Amino acid sequence: MNYFTMLGLSEQEARERFWLIDTKVRVADRHADETDKQGLITHSRPDVVAGKLASHKKYFIRNDTTTEFGSLAEVIEHVKPTALVGLSTTFGAFPEPVVRRMAALNTTPIIFPLSNPTSKCELSFSDALNWTDGKVLFASGSPYPSIEHKGAMREPGQGNNFLVFPGIGFGALACGAKKVTDQMITASALGLSESLTKEEKEAGLLYPRLERIREVSASVAARVVKAAQEGQVDTVSKLRGLSEWFVLL
């Protein structure tokens, strides 16, 4: 969200780029016992109308459709998304037809099954490669081993917060931040993306390798310090006005 607003989108425009789907919700039907439902969260969905939607989901209620989409496949056909992110803790929540459709819609489909551990991961790395003909940009919450695919070794990404947490903490402490802002968190992600070496990019990696975590953390910390300064939440004045590379030293 914050990154989209940094690009110039309004908060509403940024929010409209996210389509939130429940794995399961419980809905009380006056004509029947409690029944299981699932699908896109819209303003007309029974549990939303009844005021029973969990509070953390309300921000992403869709108000632009009255159609009920009961499955992930239906939502994908409607939205034509570029990215699929899994937080369901449901193994196999991204089935083969859905993954193949993502590959048909996108030159390089972004699929991040982030649920931990791998026993609850929405999609395995091997299936992601096979069902997208190797086109997928993949990151999971728990690590998967590298796989040989069509004569080349493919290394999966691990979208885990351990790649940024040291840098966030280091940066916040270094500049004496009064609080950690959303802008500082976004800056940590940008610092991480900028930390990839030429070799890592050529290997198709989405994240730097773990053995470089100290170097990466320093880069992340520098971006966090700068964001804290720009947000005027820093208290260590001697770091102000210095280049990011000087801060690293």
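Throughout, read-outs are computed from the coordinates displayed, never taken from laboratory work. All figures in this text were calculated on a predicted structure; none of them were measured in a lab. As a convention, Cβ positions derive from the backbone with ideal geometry for all residues, glycine included, and neighbour counts pool all protein chains shown.
Specify the inter-centroid distance of region 102-117 and region 179-234, based on alpha-carbon positions, in whole Å.
Result: 23 Å between the Cα centres.
Of the listed peptides 196-207, 71-82, 218-229, what is their order by residue-averaged count of other C-beta atoms within 10 Å, with the highest listed first?
Descending packing order for the listed peptides: 218-229, 71-82, 196-207.
Return, ordered by residue number, the residues of region 138-166 whose backbone nitrogen is under 14 Å from a label point located 7 Å along Cα→Cβ of SER119.
What the label zone holds, given the 14 Å backbone N cut-off, is no residue at all.
Where does helix 213-230 land angle-wise versus the long Cα axis of the chain, in degrees 0 to 90, nearest 10?
Helix 213-230 sits at roughly 90 degrees to that axis.
Given CYS121, ILE185, SER146, which one lies farthest toward the positive end of the charge dipole of region 118-190, if we put +1 on the Cβ of every Lys and Arg and -1 on the Cβ of every Asp and Glu?
ILE185
Calculate, for GLU148 and LEU105, the FRET efficiency according to 1/(1 + (r/R0)^6) with r their C-beta to C-beta distance and R0 35 Å; round to the nearest 0.05.
My answer for the efficiency is 0.85.
Going by amide H atoms built from the backbone, whose H comes under 5 Å of the H on ARG154, apart from near neighbours?
ILE147, GLU148, HIS149
Can you compute the helix-only [θ] at 222 nm over the chain? Use -39500 (n - 2.57) per DSSP H run of at least 4 residues, normalise by all residues, nearest 500 deg cm²/dmol.
Taking each H run of at least 4 residues, the total per residue is -10000 deg cm²/dmol.
Please report the base-10 log of the normalised intensity I(q)/I(0) for the chain, using a Debye sum with one equal scatterer per alpha carbon and no solvent, at each q in 0.13, 0.15, 0.16 (1/Å).
Scattering profile of the chain, log10 relative to I(0): -0.96, -1.16, -1.24.
What is the packing order of peptides 15-21, 138-144, taking the mean over residues of other C-beta atoms within 10 Å and listing the highest first?
Going by the mean number of other Cβ atoms within 10 Å, highest first, we get 138-144, 15-21.
Quick check: net charge around GLU202, other residues with Cβ under 14 Å of its Cβ, Lys/Arg +1 and Asp/Glu -1?
For residues surrounding GLU202, the net value is +1.
Which lysines, if any, have their Cα less than 21 Å from the Cα of LYS178, not counting same-chain residues under 8 positions apart?
Within the straight-line limit of under 21 Å, LYS178 reaches these lysines: LYS226, LYS238.
Suppose the chain between THR90 and ARG17 were pulled fully straight at 0.36 nm per residue; how much longer would it get relative to their current alpha carbon spacing?
Gain in length upon complete extension: 23.9 nm.
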